[in-house]
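Notes for the one structure printed next.
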């Protein structure tokens, strides 16, 4: 019987680099026809997602709540009387979810908070006789958190985004999340998570209209200083378009995991870890790098066997067929070279003595060391935020952390003697740049007489 889920095993590195290892820019994304076709019913013409988002943002910026209500109805078929979720709804959800689920959410919140409290973010001042220099580290005034709420509502994302902002000292934190149904009901686990961390402002709105509302403010939704959280293509495009008017954590694309394994690993566990990421969405990617053909084939068998009983098998089939597979490398050194070039969101080291390989990793959102530090723990409860850089941005970006929610102000407080001493160099540099006004300001200080 022919298998409907086929896990590729690639032995040609160049072929792998042109297929499953190839990175695609957000600017070059390929849009399925059905996505563009849907724009006809919403906008009356076939337009790209980028143009759709542009129009949504413009209307929300100009018309506030009225536009948000209209887009909620047109896009999500939601007829709402109010966008705001009451604190009573959040508390009621917390009171009615199963006790073990409540404990799990509370346990995760405790660990995430404890982890981020260890991150140093203190101001400093270097006081010298001639004056002081330093940096003031202060939280941003407000943060907007986007929490996905579609086919797989993610209360864990609320915890992973809100808690670091709270640790940073942000005073106003709002949450936007799309209801899971046309009657405006938000998934109870998201409401419960919000109650656990003390969210006071949550709004029933998703998609590009949510990002626009948080970026520019409406009659109901406050304008924020920075927006964080992952979402679908339209959410990511909206974050890209509002950036500059508001801060963002990054352009977070489809989730991805890369596993480096040798013969010491258990193929059953490796397959489970790969499938855990493949089930997120059709665009997710799960890639295994190993020098062992025997291990690769064992993982292949396990993936076929395990996928048969998973609830999101249809999604797994798409992500495995289009974006995933195994690459046979010459040795582990080559595997780490490929991993550094790929810069995965999650890099799992299922190798003998994984700590000895940490120094080989330059680019990764998170490193998961050994079979006991599996990536799913990072998704929910280990401690670090699971909001991590995707699409190769781990080459320059970091996971969501306390520093995303603070800003640094430089402090310069020199005395007159220092001003005179430094003015000559400043004047020379200013003249080299043909900025005579700068040079004059420096020259005047040098001409001052010490009292």
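Where helices (runs of 4 or more DSSP H) fall entirely within region 1-118, those with at least 2 residues that are under 26 Å from residue 218 (Cβ atoms) are at 33-43, 49-63, 65-76, 87-96.
Can you name every residue in region 343-360 that is assigned to a helix (DSSP H, G or I) and closer than 17 Å to residue 398 by Cβ? Spell out how you get there, then give the answer.
Within region 343-360, the first condition is being assigned to a helix (DSSP H, G or I), and the residues that meet it are 354-360.
Scanning region 343-360 gives a single hit, 358.
Does residue 345 qualify as being within 12 Å of the chain's Cα centre (by Cα) and buried (at least 16 other Cβ atoms within 10 Å of the Cβ)? The answer is yes for residue 345.
Looking at this structure, is residue 194 buried (at least 21 other Cβ atoms within 10 Å of the Cβ), more than 19 Å from the chain's Cα centre (by Cα) and in a helix (DSSP H, G or I)? The answer is no for residue 194. Taking the listed residues 383, 437, 378, 392, the one that is free of Cβ contacts under 8 Å to residues at least 40 places away in the same chain and surrounded by 13 or more Cβ atoms within 10 Å (Cβ to Cβ) is 378, with no other qualifying. Out of 337, 345, one residue alone is outside the structural domain of residue 111 (by TED's automatic domain parsing) and under 28 Å from residue 148 (Cα atoms). It is 345. Taken together, 228, 299 contain a single residue that is in contact with a helix residue (DSSP H, G or I) (Cβ under 7 Å, 6 or more places away or on another chain), modelled with pLDDT of 95 or more and more than 15 Å from residue 8 (Cα to Cα), which is 228.
Yes/no matrix, rows are residues, columns are (1) in contact (Cβ under 8 Å) with a residue 40 or more places away in the chain; (2) assigned to a loop (DSSP other than H, G, I, E, B); (3) assigned by TED's automatic domain parsing to the domain that holds residue 233:
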{"position": "263", "(1), (2), (3)": "no, yes, no"}
{"position": "276", "(1), (2), (3)": "yes, no, no"}
{"position": "282", "(1), (2), (3)": "yes, yes, no"}
{"position": "288", "(1), (2), (3)": "no, no, no"}
{"position": "297", "(1), (2), (3)": "yes, no, no"}
{"position": "302", "(1), (2), (3)": "no, no, no"}
{"position": "310", "(1), (2), (3)": "no, yes, no"}
{"position": "318", "(1), (2), (3)": "no, no, no"}
{"position": "321", "(1), (2), (3)": "yes, no, no"}
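Okay, residues lined up against (1) surrounded by fewer than 20 Cβ atoms within 10 Å (Cβ to Cβ); (2) over 22 Å from the mean Cα position of the chain (by Cα); (3) closer than 21 Å to residue 268 by Cβ:
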site	(1), (2), (3)
301	yes, yes, yes
310	yes, yes, yes
313	yes, yes, yes
319	no, no, yes
324	no, no, yes
327	no, yes, yes
339	no, no, no
351	no, yes, yes
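Selection of region 201-259 for residues being over 19 Å from the mean Cα position of the chain (by Cα), in a strand (DSSP E or B), buried (at least 19 other Cβ atoms within 10 Å of the Cβ) and outside the structural domain of residue 347 (by TED's automatic domain parsing) yields 202, 203, 204. Evaluation of residue 432 against the conditions (1) over 24 Å from residue 288 (Cβ atoms); (2) without any contact (Cβ under 8 Å) to a residue 24 or more places away in the chain; (3) under 17 Å from the mean Cα position of the chain (by Cα) shows that the sole unmet condition is (3).
The values are calculated or read from the model by the stated rules, or taken from the named source; none is laboratory data. Values in this document were obtained by computation on a predicted structure and should not be read as measured data. Ideal geometry is used to build each Cβ from the backbone, glycine not excepted, and the neighbour counts take in all protein chains shown.
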